[in-house]
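Here is the structure we will look at.
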Amino acid sequence: MFSRSMRLIAVPRRELLICILATGLVALISLAGIHKFGGAGLALPLIIAVVVALLMRPVAAVVLVVVLTVLVEVSDFGILPATERLYTIGFKDLTLVDGLVALAVLSVALDLIRTGRS
């Protein structure tokens with residue numbers, strides 16, 4: 001019989017530590033989300049990842065706001081009938097669309113600061 005020996009690739013300690021810390025942080029955020037919001041709290045790490053991604057990509061944030069606003073402007077529109085919840089009052093007379101607009105403005109402002117453009 002023929003056998004081949006395979007060498008294991010060593011993972012640097014720093015990367016392993018970063019992975020362990022990131023996994024622990026995601027687990028902690030998930031547990032806090034479950035405690036606060038119930039089963040829907042499991043989506044909290046995903047929501048945080050999407051928000052961070054939108055903060056890094058201002059064009060995507062603005063496009064998301066414009067597309068969502070156009071698609072859900074009229075509740076009689078047949079494509080997405082259940083999306084009128086985007087316009088329901090949430091926290092202190094703010095809607096989800098208001099939060100998305102604020103996210104887009106913050107994303108553009110951070111991009112201007114990061115690139116130094118006027």
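When the test is whether a residue is part of a helix (DSSP H, G or I), of a type in the set (Val, Ile, Thr) and modelled with pLDDT of 90 or more, VAL108 passes it.
Note on the range 50-63: residues that are under 16 Å from GLY99 (Cβ atoms), of a type outside the set (Gly, Ala, Ser) and under 12 Å from the mean Cα position of the chain (by Cα) total 5. Can you name the residue in the range 53-90 that is at pLDDT below 65 and among the β-branched types (Val, Ile, Thr) and, of all such residues, is surrounded by the fewest Cβ atoms within 10 Å (Cβ to Cβ)? It comes out as ILE79.
The values are calculated or read from the model by the stated rules, or taken from the named source; none is laboratory data. Quick caveat, the model's predicted, so the values are computed rather than measured. Methodologically, a virtual Cβ is constructed for each residue, glycine included, from the backbone with ideal geometry; neighbour enumeration extends over all protein chains shown.
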